[in-house]
Amino acid sequence: MNMSDQLSRAARLTWQHKTLWWLGLLPGLTHLVTSLARLWFFQYARREYLPLLAPFLADGSPLDQWLFTPEVIGQFFNVPVLIGGIVWLFLVGIIFWLLLVLAEAAIIAATLGIVGEKPLSVGGSLASGRRFLGRFVAIDALLFFPWFLLALAAMVVLALTVTSTAVLAVNQSSTTSLFSALGLGLSCATLLACLLIPVSFVTLRFRTMAYRDAIINDATPGSEKTIRQTVRHTWQMARRNPAEVFILIAILWGLQYVFNLLLGVINLPLGLATAVPAFLNASGGAGTAVSLLVGLVTAVLLAIPQALLFVYVAVAWTLAYLDWSHE
């Protein structure tokens with residue numbers, strides 16, 4: 001397989017077929033909602049936490065005396081609020097995950113339709129992708145089980161750390177005991193979180209191939225394989241084309257890394273310019289409203305190129321896996 005030709009072809013298909021652009025709006029929404037959630041958090045922090053920090057910053061009170069005040073304990077170590085926040089983040093993460101899986105399934109179906117000279121509409125692509133949504137969820141459940149165990153262990157350790165810290169703070173324990181428990185718990189949680197990075201990288205790339213295998217090789221009626229057979233066949237395809245798989249992973253990962261780095265360079269000063277005034281302006285007013293409006297417009301504009309990159313990467317993987325399947 002000529003890698004440069006395949007990547008160029010993926011770019012042409014992405015640019016020429018606007019149906020793929022509309023499908024990219026689904027993952028683009030996740031970036032937009034994340035940016036809006038960040039703006040909301042700054043508003044919440046400005047309203048709830050800034051007044052608590054004001055006395056500490058004004059008179060330079062010792063950290064332990066300030067930390068053990070009833071107001072600080074009630075806000076920073078509110079266990080029901082922390083648990084509710086974790087549950088809310090979990091539910092939002094599930095919704096985002098399903099949207100991303102549906103978007104990728106629809107883009108794969110649309111790409112195969114374009115290659116087969118039977119292009120699908122946006123609705124047809126979503127309908128075709130929805131047919132494979134259950135299989136994709138099952139593939140993720142199988143592939144991400146080791147990752148899930150690590151993440152669950154990290155969350156349990158973190159929850160125990162927060163709970164024990166809150167109990168020590170309420171019982172007016174010594175600063176040494178408080179920070180020892182906090183440091184030990186955070187160290188264990190951080191170690192588990194670091195293990196998630198390589199596991200996530202490998203799993204995400206392999207599931208990308210398994211998604212395509214599920215659609216390309218199970219497209220005809222009566223040819224459906226079980227989830228384990230799909231994963232096993234994907235592994236066989238990867239073993240047959242190790243160099244090309246590695247090169248494609250390196251190129252697309254490098255492209256995404258550089259792209260996100262450039263967006264970060266653009267987004268960081270804009271984010272600080274909008275979030276910091278909104279955070280520091282305790283009285284709200286026109287300045288806060290303008291900062292939030294600029295942050296909203298920035299989030300929308302940055303979500304568009306991120307959505308197009310998602311589409312291009314999905315198309316490139318689909319074309320590559322289709323070529324390997326034909327071989």
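The values are calculated or read from the model by the stated rules, or taken from the named source; none is laboratory data. If you're wondering where the values come from, they're calculated on a predicted model, not measured in any experiment. Positions of Cβ are backbone-derived with ideal geometry, glycine not excepted, and every protein chain shown enters the neighbour counts. What goes into the accessible areas is simple: the full protein's heavy atoms, side chains included, and nothing from ligands, DNA or RNA. Shrake-Rupley method; radii C 1.70, N 1.55, O 1.52, S 1.80 Å.
Summary of computed values
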read-out: Test for ALA138: is it in a helix (DSSP H, G or I), at pLDDT 90 or above, farther than 20 Å from THR111 by Cα and open to solvent by 30 Å² or more (accessible area, probe 1.4 Å); value: yes
read-out: Condition met for GLU224 (outside any helix (DSSP H, G or I) and either modelled with pLDDT of 80 or more or out of contact with any helix residue (DSSP H, G or I) (no Cβ under 7 Å at 6 or more places or on another chain) (or both)); value: yes
read-out: Filter pass, ILE215 being hydrophobic (A, V, I, L, M, F, W, C), modelled with pLDDT of 75 or more and open to solvent by 80 Å² or more (accessible area, probe 1.4 Å); value: no
read-out: Positions within segment 113-135 being assigned to a helix (DSSP H, G or I) and surrounded by 17 or more Cβ atoms within 10 Å (Cβ to Cβ), in sequence order; value: GLY113, ILE114, SER125, LEU126, SER128, GLY129, ARG135
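For (1) touching a Lys or Arg at 6+ places or on another chain (Cβ under 8 Å); (2) modelled with pLDDT under 90; (3) not in a helix (DSSP H, G or I), each residue gets a yes or a no:
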{"site": "TRP235", "(1), (2), (3)": "no, no, no"}
{"site": "ILE249", "(1), (2), (3)": "yes, no, no"}
{"site": "GLY254", "(1), (2), (3)": "no, no, no"}
{"site": "LEU261", "(1), (2), (3)": "no, yes, no"}
{"site": "ILE266", "(1), (2), (3)": "no, yes, no"}
{"site": "ALA299", "(1), (2), (3)": "no, yes, no"}
